1. Return the total of residues in the range 211-226 being in contact (Cβ under 8 Å) with a residue 24 or more places away in the chain and either closer than 16 Å to residue 63 by Cβ or not in a helix (DSSP H, G or I) (or both).
2. Quick one: count up the residues across the range 81-118 that are of a type in the set (Gly, Ala, Ser) and free of Cβ contacts under 8 Å to residues at least 60 places away in the same chain.
3. If you scan the range 131-155, which residues turn out to be in contact with a helix residue (DSSP H, G or I) (Cβ under 6 Å, 6 or more places away or on another chain) and among the acidic types (Asp, Glu)?
4. I'm checking my understanding of the structure. Among residues of the range 50-66 that are assigned to a helix (DSSP H, G or I) and touching a residue at least 60 places away in the same chain (Cβ under 8 Å), which one is farthest from residue 138 (Cα to Cα)?
5. Quick one: is residue 192 surrounded by fewer than 18 Cβ atoms within 10 Å (Cβ to Cβ), in contact with a helix residue (DSSP H, G or I) (Cβ under 7 Å, 6 or more places away or on another chain) and either under 18 Å from residue 66 (Cα atoms) or in contact (Cβ under 8 Å) with a residue 60 or more places away in the chain (or both)?
6. For the range 135-157, check the following and say yes or no: at least one residue is within 20 Å of residue 229 (Cα to Cα), buried (at least 19 other Cβ atoms within 10 Å of the Cβ), under 17 Å from the mean Cα position of the chain (by Cα) and without any contact (Cβ under 8 Å) to a residue 40 or more places away in the chain.
7. In the set 27, 114, which member is modelled with pLDDT of 90 or more and of a type in the set (Asp, Glu)?
Amino acid sequence: MSESDEPRFRRVVRRPAAAETPAWSWDAWRPAETWATIRAYLGLGRESRQGPIDTLEALASFLDKRASFVAQSSLYGYLRTRAGMRYPELFHDDPFVASINIAKWHLWLDCLSDVAVHAGARLAQHAPRELTRVARTMVAVVDGVLAQAGTPAEAGGDFAAHAARVRSRVARTDWLAIAGDEAAFSDSPASLVRWAPVKDELKQLDEEIVRNSVRFRWQEVRRDFARHVDYPALLEAMPEPPSA
């Protein structure tokens, strides 16, 4: 995404400087201010209207933004639910903030993987005779999104290997075998359970609810894609396969 584009949803969580943040207390807690901070972390400070998905750049932007939004809203929503009234305190704990950033990036990778498989499958099923072009295009689009993200320092040492697994999944997907409902969204629900910085014994209790919360968030994404995708324009934008 170029500098002129809208800001990403992804934000690195920073621990407030000690000089700027007094010791937290219940008397000082302001729910409205806390929610404003959370919205800033989630990148929800302003509305973003979805335009037509009619170019490869628009497709890449859709995949990136929706993966970012589902990843962060799912992660922060789970942490907020688990922590309850103590949620604001989490952002004053350096190790926990580091864990949030690692979880956020890895969850984003699996969300990107899922939404890319969904979009590619819809394109392939719309034009099955163009399967080769769709497959090559989806690999290129995901490669571009991952290249733009690079290897964030705050994502931990496993990020590059995880990104390689995302590329591998997209490259080997049987695009015509993916149904139009939740079939593509197999990695992100489990990813939140794995990466959320919550005690394992608590995640075991929460697992079904947590997975369902991610699945629920994808419903609107699927509707958005169906509303805004311009299949003829996207197919026209796809490069022709190299001649034999």
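1. Residues meeting the conditions: 7.
2. Count: 4.
3. Hit for the range 131-155 is 154, nothing else.
4. Selected residue: 66.
5. It is false that residue 192 is surrounded by fewer than 18 Cβ atoms within 10 Å (Cβ to Cβ), in contact with a helix residue (DSSP H, G or I) (Cβ under 7 Å, 6 or more places away or on another chain) and either under 18 Å from residue 66 (Cα atoms) or in contact (Cβ under 8 Å) with a residue 60 or more places away in the chain (or both).
6. Within the range 135-157, one or more residues are within 20 Å of residue 229 (Cα to Cα), buried (at least 19 other Cβ atoms within 10 Å of the Cβ), under 17 Å from the mean Cα position of the chain (by Cα) and without any contact (Cβ under 8 Å) to a residue 40 or more places away in the chain.
7. Every option except 114 fails the conditions.
The values are calculated or read from the model by the stated rules, or taken from the named source; none is laboratory data. Keep in mind the model is a prediction, meaning the values are calculated, not measured. Don't worry about glycine lacking a Cβ; one is built from the backbone with ideal geometry, like all the others, and counts go over all protein chains shown.
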